[in-house]
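A.B. asks: Here it is, the structure, as structure tokens.
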Amino acid sequence: DPLLLAMDLVAKNPQSTRASSDLATLYVAMSDSNPNSPFFSMGQQEFERASRLPNASPLPEQGLILMAATTGQPVQEEWWDRLIEKLKTRPIGTQETLTVTGLLKQRYAGIELSDARIAQVYTTLLARGAQAPIRYVEYGNFVLRYLHDPQLASRLFAEAVERNPNDAAYALKIARSLLEDGHPQQALAVINQAQALNMADPDQEFSTLKSLALKMELVLP
């Protein structure tokens, strides 16, 4: 029985954030996302307990935010504050990264989440350093789609290239994708960064894409 198993794991590992979060998630699922169900409040209580465990990851705060947002309940500002504080102070590992990318995934899925808060979350994660280039690409796409800040997006895409200075194929992939999506300004930022890093370009593809981006900029309104 999944519920008995989850409860048993929490009983055996009461200080485990993951076990507690899994039990809370199961409670919410059993409530059919109905805020009037007792299982819903049990899920929230378990997420709250998990969030205050010693060395707790930010996954419980993510759970609290999403269970409220997906059911039309108010998302408490303290949940965002606690999540951001953990990203500032905890070692950044898999659970911290999954917390951030999970929120972005749900935003793209249509869940009404605060774009300003997601921006804070991503900015905090990137400020900790040593992030994979894909994190900058993810945030750049978010900035274009939801924050409508082309200058910031250009810096983020260029940073993704700088974080991966020996992979011309990756830079070309980003540039092509941006051009296909109609973002020549950001594609130029990527190409210029790649050329500044003297990335290998035996087929002169960076130059070809740069010419295309410049032409697109001229015809865009």
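The values are calculated or read from the model by the stated rules, or taken from the named source; none is laboratory data. Every value quoted in this text rests on a predicted model; they were computed, and no experiment measured them. Cβ coordinates were reconstructed from backbone atoms using ideal geometry, including for glycine residues, and neighbour counts include every protein chain displayed. Calculation scope for accessible area: heavy atoms of the full protein, side chains included, ligands and nucleic acids excluded. Shrake-Rupley method; radii C 1.70, N 1.55, O 1.52, S 1.80 Å.
A.B. asks: Size of the chain along its principal axes in angstrom, Cα-based, largest extent first?
C.D. replies: 61, 34, 31
A.B. asks: Once the Cα atoms of helix 94-108 and of the chain are each reduced to a long axis, what angle between those two axes, in degrees from 0 to 90 to the nearest 10, is obtained?
C.D. replies: Helix 94-108 sits roughly 80 degrees off the main axis of the chain.
A.B. asks: Could you state the angle between the C-alpha long axis of helix 115-127 and the longest principal axis of the C-alpha atoms of the chain, as a value from 0 to 90 degrees rounded to the nearest 10?
C.D. replies: Value to nearest ten degrees: 80.
A.B. asks: Output ³J(HN,Hα) for region 198-209: one whole-Hz value per residue in order, computed from phi by the Karplus curve 6.51 cos²θ - 1.76 cosθ + 1.60 with θ = phi - 60°, and x for Gly and Pro.
C.D. replies: With coefficients 6.51, -1.76 and 1.60, one gets 6, 5, 4, 9, x, 9, 6, 6, 4, 5, 5, 5 Hz.
A.B. asks: At what distance in nm do the modelled label points of Thr123 and Glu162 sit from each other, each positioned 7 Å from its Cα along Cα→Cβ?
C.D. replies: 1.7 nm
A.B. asks: Keeping all protein chains in position, work out how much accessible area Arg52 exposes to a 1.4 Å probe, and write it in Å² to the nearest 10.
C.D. replies: Surface accessible to solvent at Arg52 totals approximately 140 Å².
A.B. asks: Can you classify region 88-181 as rounded, prolate or oblate using the Cα gyration tensor, where a ≥ b ≥ c are the square roots of its eigenvalues, rounded means a/c under 1.5, and otherwise it's prolate if a/b beats b/c and oblate if not? If you can, show how the numbers build up before the last one.
C.D. replies: Details: a/c = 1.86, a/b = 1.20, b/c = 1.54.
Since a/c reaches 1.5 but b/c is at least a/b, the shape of region 88-181 is classed as oblate.
A.B. asks: Set the Förster distance to 25 Å, then compute FRET efficiency between Gln76 and Asp115 from the Cβ-Cβ distance, nearest 0.05.
C.D. replies: Values: r = 17 Å, r/R0 = 0.69.
Efficiency, from the Cβ-Cβ distance: 0.90.
A.B. asks: Compute the distance in nm between two label points, each set 7 Å from the Cα along the Cα-to-Cβ direction, one at Ala29 and one at Ser207.
C.D. replies: 5.6 nm
A.B. asks: Keeping the other protein chains in place, figure out the carbon and sulfur percent of the accessible area of the chain, with a 1.4 Å probe.
C.D. replies: Details: 6010 of 11260 Å².
Here it works out to 53 percent.
A.B. asks: Please calculate how many Å² of accessible area the chain carries per residue, with a 1.4 Å probe and no DNA, RNA or ligand atoms counted. Could you put the intermediate results ahead of the total?
C.D. replies: On the way: 11260 Å² over 221 residues.
For the chain, the solvent-accessible area averages 51 Å² per residue.
A.B. asks: Determine the gain in length on full extension of the stretch Tyr146-Glu48; use 0.36 nm per residue of separation and subtract their C-alpha separation, reporting nm with one decimal. Display every interim value, and only then the final one.
C.D. replies: Numbers: separation 98, 0.36 × 98 = 35.28 nm, distance 2.94 nm.
32.3 nm is the gain from fully extending Tyr146 to Glu48.
A.B. asks: Also: Taking the Cα atoms only, what angle lies between the long axis of helix 133-142 and the longest principal axis of the chain, rounded to 10 degrees?
C.D. replies: That works out to roughly 90 degrees.
A.B. asks: Under a Cβ-Cβ cut-off of 13 Å, what is the net charge of the residues other than Asp167 that fall near it, where Lys and Arg count +1 and Asp and Glu count -1? Walk me through the numbers before you get to the answer.
C.D. replies: Numbers: positive: Arg163, Lys173; negative: Glu162, Asp201.
Net charge around Asp167: 0.
A.B. asks: Please list 3J(HN,Hα) in residue order for region 153-160, calculated via the Karplus relation 6.51 cos²θ - 1.76 cosθ + 1.60 where θ = phi - 60°; whole Hz, with x for glycine and proline.
C.D. replies: Per-residue couplings from phi come out as 4, 4, 5, 5, 5, 5, 5, 4 Hz.
A.B. asks: Let me ask something else. Can you give the FRET efficiency for Ala11 and Arg90, using 1/(1 + (r/R0)^6), R0 = 35 Å, r = Cβ-Cβ distance, to the nearest 0.05?
C.D. replies: Given R0 = 35 Å and the Cβ-Cβ separation, E is 0.85.
A.B. asks: Same structure again: Solvent-accessible area of Tyr136, probe 1.4 Å, all protein chains present, reported in Å² to the nearest ten, please.
C.D. replies: 10 Å²
A.B. asks: Then there's this: From largest accessible area down, sort His183, His148; use a 1.4 Å probe on the protein chains.
C.D. replies: Solvent-accessible surface, decreasing: His148, His183.
A.B. asks: Here is a further query. How much of Thr101 can a 1.4 Å solvent probe reach, expressed as accessible area in Å² and rounded to 10?
C.D. replies: Per-residue accessible area (Thr101): approximately 30 Å².
A.B. asks: Ok, one more. Can you quote the Å³ per residue value for the convex hull of the Cα atoms in region 54-129, rounded to an integer? Walk me through the numbers before you get to the answer.
C.D. replies: Working: hull volume 6.1 nm³, N = 76.
Cα-based convex hull of region 54-129, divided per residue, equals 80 Å³.
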